[in-house]
Amino acid sequence: MSAIIAPSLLSANFLRLEEEITMVNQSDADWLHLDVMDGVFVPNISLGFPMIQQLSQIIAKPLDVHLMIVEPQKFIPFFQELGVKSLGVHYEACTHLQRVVTTIKEAGMNACVALNPHTPVELLTDILEDIDMVLIMSVNPGFGGQEFIPRTQDKIRRLKEMIVARGLKTLIEVDGGVNLERGKLLVETGADVLVAGNFVFNADNPLELIRRMKQEI
């Protein structure tokens with residue numbers, strides 16, 4: 001099975017958001033990845049909730065939402081109402097992570113836990129069975145277009161070993177610096193879902209590039 005490809009709307013042209021979303025809708029992409037930032041947990045702000053609500057009406061792909069915000073539990077009902085497929089929260093932002101994960105799953109969404117580059121995968125030992133996906137940040141969260149952090153591959157390898165050893169089906173998602181060549185290596189290492197931002201939206205032909213990613217990775 002090929003990797004799940006999730007273009008990241010953070011790298012789209014915000015002056016042409018409807019066109020960019022239509023392109024993703026028509027593409028071979030599996031999901032659309034949406035980053036939500038509050039300027040507190042990360043030093044940047046992305047789309048506000050009113051705009052997300054409007055954009056969700058034209059998004060045809062399953063929504064994979066990554067919350068880079070403090071107190072993410074407050075907004076679970078909002079994303080539940082939008083019919084989001086997967087809702088990701090940061091390990092570093094949740095004092096009561098198990099409670100947050102349970103609330104997400106009770107709301108009918110897949111629960112994803114994101115890890116900053118400096119956070120070891122071993123900290124998920126006591127909750128791995130409860131989550132559907134782990135998002136490994138291969139750049140520091142908050143901005144697109146950053147350089148891939150090489151030690152990410154070792155984190156993926158260690159996490160995959162933990163998942164396999166327990167017989168789990170937890171997916172591994174990677175976000176940051178993903179391109180065609182690196183995507184192949186990440187999947188070989190153990191990644192299941194690839195988030196691609198600048199690589200897709202800055203391409204001369206994004207539709208063709210997404211098609212190649214689906215065929216070649």
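For segment 88-98, indicate whether the set of residues that are within 25 Å of Leu17 (Cα to Cα) and surrounded by 15 or more Cβ atoms within 10 Å (Cβ to Cβ) is non-empty.
So far as segment 88-98 goes, yes, one or more of its residues are within 25 Å of Leu17 (Cα to Cα) and surrounded by 15 or more Cβ atoms within 10 Å (Cβ to Cβ).
State which residue is surrounded by the fewest Cβ atoms within 10 Å (Cβ to Cβ) when the search covers only segment 188-217 and only residues that are under 15 Å from Met137 (Cα atoms) and in contact (Cβ under 8 Å) with a residue 40 or more places away in the chain.
Across segment 188-217, the extreme among qualifying residues is Asp192.
For (1) of a type in the set (D, E, K, R); (2) surrounded by 21 or more Cβ atoms within 10 Å (Cβ to Cβ), each residue gets a yes or a no:
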position: Ser2; (1), (2): no, no
position: Ala6; (1), (2): no, yes
position: Leu15; (1), (2): no, no
position: Val24; (1), (2): no, yes
position: Asp28; (1), (2): yes, no
position: Leu34; (1), (2): no, yes
position: Val40; (1), (2): no, no
position: Asn44; (1), (2): no, no
position: Ser56; (1), (2): no, no
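Residues that are farther than 21 Å from Val100 by Cβ and not small (Gly, Ala, Ser), at least 2 per element: which strands (runs of 3 or more DSSP E) completely within segment 1-78 meet that?
The strands (runs of 3 or more DSSP E) meeting that bar are 4-7.
Just one of (1) closer than 25 Å to Ile172 by Cα; (2) among the basic types (Lys, Arg); (3) free of Cβ contacts under 8 Å to residues at least 12 places away in the same chain trips up Lys85, so point out which.
(3)
Read-outs: derived from the displayed coordinates by stated rules, not from any lab. Please read all numbers here as calculations on a predicted model, not as lab measurements. Cβ coordinates were reconstructed from backbone atoms using ideal geometry, including for glycine residues, and neighbour counts include every protein chain displayed.
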